[in-house]
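Comments concern the structure below.
The values are calculated or read from the model by the stated rules, or taken from the named source; none is laboratory data. None of these values were measured; they are calculated from a predicted model. We place every Cβ from the backbone using ideal geometry, glycine too, and count neighbours over all the protein chains shown. These accessible areas exclude ligands, DNA and RNA; they are computed on the full protein's heavy atoms, side chains included. Shrake-Rupley method; radii C 1.70, N 1.55, O 1.52, S 1.80 Å.
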Amino acid sequence: MIGNHIPRAILISSASILTLAFVAIAVQSINWPTKEENPPQQPVAVQLAQDEHAAAKDAQTAPSPMSNFTKTLRAPTPETSTPSASGGGVLNLSSPQGRGTALKGPEHGGAIRRADVPPPQFLSPEGDQFASVEANPLKNVSDDPVSTFSIDVDTASYSYVRRSLTNGRLPKSDAVRVEEMLNYFDYDYQVPEAGGAPFSTNVSVVQTPWNKHTKLMQVGIQGHKIPLAELPPQNLVFLIDTSGSMKHETKLPLLQQSFRLLLTSLRDEDEVAIVTYAGEAGVLLEPTRVTDRDKILDKINALTSGGSTAGHDGLKGAYALAEKMTGEGEQTRVILATDGDFNVGISDPDSLKRFVSGKREQGTGLSVLGFGHGNYNDELMQTLAQNGQGVAAYIDTVSEARKVLVDQVVSSISMIAQDVKIQVEFNPQTVTEYRLIGYETRALKTEDFKNDKVDAGDIGAGHNVTALYEITPVGSPAIKFPDGRYSPSEETPTSVDDAYSSELAFVKLRYKAPGEDESKLIETPVRETDQNIPVSETLFAASVASFGQLLKGTDYLGNWSYEDSEKLARENKGVDRFGYRSEFLTILRLAQTAKQ
């Protein structure tokens, strides 16, 4: 009846008003979370802000290697940082400010089609990939007197462990590489003499802190230092992962901050190019002198993320560009920045190893910077760096970026010795058992030591390398191997030349000068009284090694605890110029909390 007298439009409007009213009531009745109530990854964001502030403050108070070139780092503007709807990095190059060139692989018949990948809302470490390797076993000197391994100057494991503990979690045991934790720190080693070998060899023997019946033998290598100003011109290709997995604030945004820091360390004669990759690879910046700093910064600030991960195409494009940049007397290096997620093109470690090794032999090195949690592929990154004559670092904070790319920039980009191998022969007359702490992924066969065709690690200018052996003296109650029927006894020990009878071990190192094919040999005998490394330095190294072993889970530490490691580190902290050792004490306390 009423409908016959009220216009139809009024009835429709009334119904719409009633609908809106019910929606409003429903909205009010739901407890919607606000941005302030649930800020995603807020602690990490705060940490990044604090680190960047600290890094900026340090840059004002501490002299940079090239402080006259340091300038204010410019953050990206909203116009340059707006993501493209179809992918990251390269697709933004179609704008007038950032035009680039797509790299088309013949095996694909052109550029790979992009696929949008949504950003992860929460990054847990569960998807991170690490090689699973058993810890080095205890060895019987009478059966196996020789230990051989490649040196390792990488530090990625320490940074990853720090990141995990800062987030309140103990790291996966496979993520812990004790040698990389040891080599995160500098030690008071003798500087090599001018005109001699590129590095010095240092040894020390002390009582093992966690076992009074064994000895701890430290072997330390110190590379000679080269001022940045004395390096030949550097050609650097920044190979940047802009795929969808890089959207998190601890990945691409931190990556941009890191490369802005690196730029402050470079000189006018150095040259930079940028290649990005997501679903396809492309040249973001053609080779450009560092004098045009604003142009380089504009390209870094313009980076966005999106798409799949054609890492192999990116590598090919970066190496092709590097070959064009290389000149007489210059050094060329690709610096790959990624979370390690290759899912388009060649992605298996063995194939990438062969590809990178071939490029290294042609004169182009490769260093790797890892970022983020969630799909971090550590195994792949280690493979690339180890075969690319470079270092692998994990960047978890702006402070770490400053350490690697500013404070240690020379050792990160300039190698002084290649294929460095260490071989230790133990004297069966003085040592019954031994074990190498760490270096499981760097083990070599005994015969590999003299074979110059077998690759090994490289040392950068100013780098130092540390290795620790726990050794059991003859007659010690700590001996674990049972006596064999035909084994030597204390009454009839193995015959050793009298001239060597007091030695514990004999350390041999082989290395090649950059660009040479034949190795050179350095030999150093070790006696129980040797002490050319300060005792406090050896004990601090022992605290780091014990911490790493506790994280991995070991049967060799007895009742040793995180608290014991912290006490040992605190008592032997020594000179701490940049505060890294003090930070280590904080990490030890975090581990005590996380373990509960």
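Is one or more of the residues making up the range 444-456 open to solvent by less than 40 Å² (accessible area, probe 1.4 Å), assigned to a strand (DSSP E or B) and either charged (D, E, K, R) or at pLDDT 95 or above (or both)? So far as the range 444-456 goes, no, none of its residues is open to solvent by less than 40 Å² (accessible area, probe 1.4 Å), assigned to a strand (DSSP E or B) and either charged (D, E, K, R) or at pLDDT 95 or above (or both). Can you pull out every residue in the range 417-426 that is crowded, with 23+ Cβ neighbours inside 10 Å and either in a helix (DSSP H, G or I) or not small (Gly, Ala, Ser) (or both)? Passing the criteria: Val420, Lys421, Ile422, Val424, Phe426. May I ask you to verify whether Ala505 is open to solvent by less than 30 Å² (accessible area, probe 1.4 Å), farther than 23 Å from Glu180 by Cα and either part of a loop (DSSP other than H, G, I, E, B) or modelled with pLDDT under 95 (or both)? No, not satisfied. If I filter the range 175-183 for residues that are touching a residue at least 60 places away in the same chain (Cβ under 8 Å) and assigned to a strand (DSSP E or B), do I get at least one hit? Taking every residue of the range 175-183 in turn, none turns out to be touching a residue at least 60 places away in the same chain (Cβ under 8 Å) and assigned to a strand (DSSP E or B). Filtering Lys324, Lys295 for residues that are open to solvent by 20 Å² or more (accessible area, probe 1.4 Å) and in contact (Cβ under 8 Å) with a residue 24 or more places away in the chain leaves a single hit, Lys324. Of Pro233, Pro287, Pro227, all but one fail to be closer than 30 Å to Asn532 by Cα and surrounded by fewer than 20 Cβ atoms within 10 Å (Cβ to Cβ); the exception is Pro227. Take Gly548 and tell me if it is assigned to a loop (DSSP other than H, G, I, E, B) and either at positive phi or open to solvent by less than 10 Å² (accessible area, probe 1.4 Å) (or both). No: the conditions fail for Gly548. Pairing residues of the range 509-522 that are within 18 Å of Thr446 (Cα to Cα) and assigned to a strand (DSSP E or B) with residues that are aromatic (Phe, Trp, Tyr) and modelled with pLDDT of 95 or more, at Cβ distances under 8 Å and at least 6 apart in sequence or on separate chains, gives Arg510/Phe449; Lys520/Tyr511; Ile522/Tyr511.
Test Val406 against the criterion of being farther than 23 Å from Val219 by Cβ, open to solvent by 10 Å² or more (accessible area, probe 1.4 Å), part of a helix (DSSP H, G or I) and not polar (S, T, N, Q), and give yes or no. No: the conditions fail for Val406. Residue count for the range 243-277 under the criterion of being modelled with pLDDT of 95 or more, open to solvent by 10 Å² or more (accessible area, probe 1.4 Å) and in contact with an Asp or Glu (Cβ under 7 Å, 6 or more places away or on another chain): the result is 1.
Pairing each residue of the range 243-270 that is more than 21 Å from Gly311 (Cα to Cα) with any residue that is assigned to a loop (DSSP other than H, G, I, E, B) and of a type in the set (S, T, N, Q), provided the two are 6+ apart or on different chains, yields C-beta distances under 7 Å for Thr264/Ser64; Thr264/Thr70; Ser265/Ser64; Asp268/Thr291. Filter the range 568-589 down to residues that are among the aliphatic types (A, V, I, L, M) and within 21 Å of the chain's Cα centre (by Cα) and give me whichever is surrounded by the fewest Cβ atoms within 10 Å (Cβ to Cβ). Only one residue tops the list, namely Leu585.
Reported count of residues in the range 191-224, each being open to solvent by 30 Å² or more (accessible area, probe 1.4 Å) and either in a strand (DSSP E or B) or modelled with pLDDT under 95 (or both), is 12. Answer with yes or no whether Gly329 is over 21 Å from Val404 (Cβ atoms), out of contact with any Phe, Trp or Tyr (no Cβ under 8 Å at 6 or more places or on another chain) and surrounded by fewer than 18 Cβ atoms within 10 Å (Cβ to Cβ). Spelling it out, Gly329 is indeed over 21 Å from Val404 (Cβ atoms), out of contact with any Phe, Trp or Tyr (no Cβ under 8 Å at 6 or more places or on another chain) and surrounded by fewer than 18 Cβ atoms within 10 Å (Cβ to Cβ).
Is there a residue in the range 114-137 that is assigned to a strand (DSSP E or B), at pLDDT 50 or above and either surrounded by fewer than 16 Cβ atoms within 10 Å (Cβ to Cβ) or not small (Gly, Ala, Ser) (or both)? Yes, the range 114-137 contains a residue that is assigned to a strand (DSSP E or B), at pLDDT 50 or above and either surrounded by fewer than 16 Cβ atoms within 10 Å (Cβ to Cβ) or not small (Gly, Ala, Ser) (or both). For beta carbons closer than 7 Å, sequence separation of 6+ or different chains, a first residue in the range 376-391 that is over 19 Å from Val465 (Cα atoms) and a second that is open to solvent by less than 20 Å² (accessible area, probe 1.4 Å) and acidic (Asp, Glu), the qualifying pairs are Tyr376/Asp128; Tyr376/Asp339; Asp378/Asp128.
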